[in-house]
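K.L.:
Structure incoming, see below.
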Amino acid sequence: MPAYLIYLCHDVTNRTELETYWKVTQPTFEGRQVHVHTAYTPLEVLTGDTTVHGVVIADYPSVEACRDWYDSPGYVSGRQHRMRGGDYLGLLADGLTADAAKSAGKVNGSLVLPDADDIPPSYVLWLGKAEPSSDIWLAEASESVVAAGGVCLTATTHVDVLEGEHLAPSVVLAGFATADAARSWYAANQPASVDQDPLVLLIEGGWLPPEQRMPHLQARSSATPSA
């Protein structure tokens, strides 16, 4: 069963540290099966009052495979730069389908970077801040995504918080062929989630290189202005 690694960037305090993190952690993906769905692409907050500057969503073959990478010496060392560079929420959620982790696109080691034909153009990431009143809602959410022509990658309450202080007891991640289809699904299912007080994001699929990530925050570095 695949597992989904989800990172939300809530704030950037030192972009230099983040850029160091992006560089030094690249080798940690060597020999591992990691498929990136989206990384720092444009996003919109559909529901919720939480600031989100960037999102990374990637899948691993299993929860164990992700944790093995996350706890590896190289990544433990490298992620300290990210922790010094910004405020992130890191989640690990159980997936639903093995075919969600297909390998296609440009490969850098064993990190799979998506081509345009490899991923849905739009994702809806639904993070519930409270437990759903019934597991039936998760099954209905999954079914409604399929009925709307999307792909439900996960709808689960099996969520571990790797980093950060925000709770997310439930996660729904769905891919859609168009942003309009994603919005339509969200609009039709929003009333059913009132009890979860969710944070819902509409995210473009794809991957941006480090120099293009969060351009509005590029000035936040540790560089000391010259006299």
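K.L.:
For TYR186, TYR75, give me the order by solvent-accessible area with a 1.4 Å probe, most accessible first, ignoring ligands, DNA and RNA.
P.N.:
Final ranking, largest accessible area leading: TYR186, TYR75.
K.L.:
Students often check this: by mean Cβ neighbours within 10 Å, which of 23-29, 58-64, 206-212 ranks highest, and how do the rest follow?
P.N.:
Order by mean packing, descending: 58-64, 23-29, 206-212.
K.L.:
Let me ask you something else. How much solvent-accessible surface does SER77 expose, in Å² to the nearest 10, with a 1.4 Å probe and all protein chains in place?
P.N.:
About 80 Å², rounded to the nearest 10.
The values are calculated or read from the model by the stated rules, or taken from the named source; none is laboratory data. What you see is a predicted model, and the numbers here were worked out from it, not measured in a lab. For neighbour counting, all protein chains shown are included, and Cβ atoms are generated from backbone atoms with ideal geometry for every residue, glycine included. Just so you know, the surface numbers come from the protein's heavy atoms only, side chains and all, with ligands and any DNA or RNA stripped out. Shrake-Rupley method; radii C 1.70, N 1.55, O 1.52, S 1.80 Å.
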